[in-house]
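Following: one structure in structure tokens, then a few remarks.
The values are calculated or read from the model by the stated rules, or taken from the named source; none is laboratory data. Computed from a prediction, not measured in an experiment: that's the story for all the values here. With ideal geometry, Cβ positions are generated from the backbone for all residues, glycine too; neighbour counts draw on all protein chains shown. Heads up: the accessible areas ignore ligands, DNA and RNA and are worked out on the full protein's heavy atoms, side chains in. Shrake-Rupley method; radii C 1.70, N 1.55, O 1.52, S 1.80 Å.
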Amino acid sequence: MNQAADLPIWAALLIALFLLIGAGLTLIGSFGLYRLRSFYDRIHAPTLGTSWGTAGIITASIIYFSVMESRLVLHQLLIGAFVIVTTPVTLILLSRAALYRDRAKNDPGVPPLDPPNNTSEISNPEKEPTPTHNNTHTGEV
Amino acid sequence: MSKLFPYPLLVVSLVVTWLLLAGFSLNQFLLGSITAIVAAWGFAALGPAKPRLRRWDLLLKLFAIVFYDIVRSNIAVASIILHGGKRIGKSNFMAIPLDLRDPTGLACLAIIITSTPGTAWIDYNSARSVLILHIFDLVDEDAWLNLIKNRYEYLLREIFE
Amino acid sequence: MSAAILSWAVTIAQIALAIAMALALVRMIKGPRAQDRVLGLDALYGNAMLLMLVFGIRTGNSLYFETSLIIGALGFVATVALAKFLMRGEVIE
């Protein structure tokens, strides 16, 4: 914080704005986690922190270090990429585990193992994975 | 060429990660490139399926749409939580039949749905290709079906299938 | 002036994130079921990661960035392992 005195005022305001957005949304998300009634409601709350909570604080950090060191500092984006990739994995595993445990308990509030037939009729598609253009080498990952 | 660089995108992203962590210099670039190419050989030995990207241009459109939706649903969910959990609809499960089969496309859909506050990916039955979502504020089931199918799934199928 | 703005914003953000961590911790302790506790842990390490980034802004030291990455990586592995345990570790009767 000592060398922050020579920061231009627009940068300070921008950093403060993004910091407060990020921290505020994370706080609201954790408050929802504490406050909401059922597990499946609560699973939505931390995604506030992992979407704009993280994005806000990363943006603030990028602006701060870029202005301080007078060059583009982007390594914080790695944290963003990491969070984007890992959040679905943890949340999907966790919600599947919760669904499994609720089904094992015969909880009436969760969808049964086989969804009713009327929903799956729509999905009976003419579309099979068609192997078109297998030889194009554009855009392979 | 494709023997030497089996996964070009993987190599590029590993080199970029390396440079971001270690700092930009020629030495680090060489070291990072060697590591990334060796890592890609190792990855090729596992033989995972190669995802095919058909439409690069639509990727940008998808990013823009998802960015906008994430901002919007952040505001929506935050205001519901601040009002003590009172909302117009109620939270419920919802089954969505999917036509998207490509694993990479499904992974992208999972990322989109999970990172958007207000929707949670609960379960996907790959045999019946039915996705079970949990919606935080479910008012109109058809609107959500329309959103997932026409807004995201359509684009993902254009890009990956 | 800019130092004052920044110092206030950083302090407020740190307090907000600390409260967020406390709320996640309360959820982790209260439960009521195992999946709620794991979800609490998930939110707790996410908030800790962000708090480390804010510490980095406060001190101007980019070393906190590495700390943040390590917290994220370890927390991710922990949550995945626990979720997997909830799926497979329980005997159904």
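For the reader, a short list of remarks on this structure follows.
- Subset of region B:10-59 [open to solvent by less than 70 Å² (accessible area, probe 1.4 Å), part of a helix (DSSP H, G or I) and without any contact (Cβ under 8 Å) to a residue 24 or more places away in the chain]: B:Ser13, B:Val15, B:Thr17, B:Leu19, B:Leu20, B:Ala22, B:Gln28, B:Gly32, B:Ser33, B:Thr35, B:Gly42
- Filtering C:Val77, C:Val26 for residues that are farther than 23 Å from A:Gly32 by Cα, open to solvent by 20 Å² or more (accessible area, probe 1.4 Å) and hydrophobic (A, V, I, L, M, F, W, C) leaves a single hit, C:Val77.
- Scan of region B:114-161 for residues that are under 14 Å from the mean Cα position of the chain (by Cα), under 11 Å from B:Ile96 (Cβ atoms) and in a helix (DSSP H, G or I), ordered by number: B:Ile148, B:Tyr152, B:Glu153
- Test: residue in region A:3-14 that is farther than 17 Å from C:Asp36 by Cβ, under 15 Å from the mean Cα position of the chain (by Cα) and either more than 7 Å from every other protein chain (Cβ to nearest Cβ) or free of Cβ contacts under 8 Å to residues at least 60 places away in the same chain (or both): no
- The set of residues in region A:51-67 that are aromatic (Phe, Trp, Tyr) and either in contact with a Cys (Cβ under 7 Å, 6 or more places away or on another chain) or surrounded by fewer than 24 Cβ atoms within 10 Å (Cβ to Cβ) (or both) contains only A:Phe65.
- When A:Leu72, A:Leu48 are checked against the criterion of being facing another protein chain (nearest Cβ under 7 Å), out of contact with any Asp or Glu (no Cβ under 9 Å at 6 or more places or on another chain) and at negative phi, a single residue qualifies: A:Leu48.
- Just so you know, in region A:94-115 the residues that are open to solvent by 30 Å² or more (accessible area, probe 1.4 Å), in a helix (DSSP H, G or I) and out of contact with any strand residue (DSSP E or B) (no Cβ under 6 Å at 6 or more places or on another chain) include one that is nearest to B:Thr17 (Cα to Cα), and it is A:Tyr100.
- Near pairs, Cβ below 9 angstrom, 6+ apart or cross-chain, from region A:79-92 (within 9 Å of chain B (Cβ to nearest Cβ)) to any residue that is of a type outside the set (Asp, Glu) and not in a helix (DSSP H, G or I): A:Pro88/B:Trp121; A:Leu91/A:Ile43; A:Leu91/B:Ala120; A:Leu91/B:Trp121; A:Ile92/B:Ala120; A:Ile92/B:Trp121; A:Ile92/B:Ile122; A:Ile92/B:Tyr124
- Restricting region B:87-99 to residues that are touching a Ser or Thr at 6+ places or on another chain (Cβ under 8 Å) and assigned to a loop (DSSP other than H, G, I, E, B), the residue that is nearest to A:Trp52 (Cα to Cα): B:Leu98
- Here B:Trp144 meets the list (1) within 30 Å of A:Phe82 (Cβ to Cβ); (2) open to solvent by less than 10 Å² (accessible area, probe 1.4 Å); (3) without any contact (Cβ under 8 Å) to a residue 60 or more places away in the chain almost entirely, failing just condition (2).
- Among the conditions (1) surrounded by 16 or more Cβ atoms within 10 Å (Cβ to Cβ); (2) within 30 Å of A:Pro8 (Cβ to Cβ); (3) small (Gly, Ala, Ser), C:Gly46 misses just one, which is (2).
- Scan of region B:60-90 for residues that are open to solvent by less than 30 Å² (accessible area, probe 1.4 Å) and more than 16 Å from B:Ile159 (Cα to Cα), ordered by number: B:Asp69, B:Ile70, B:Ser73, B:Asn74, B:Val77, B:Ala78, B:Ile80, B:Ile81, B:Gly85, B:Gly89
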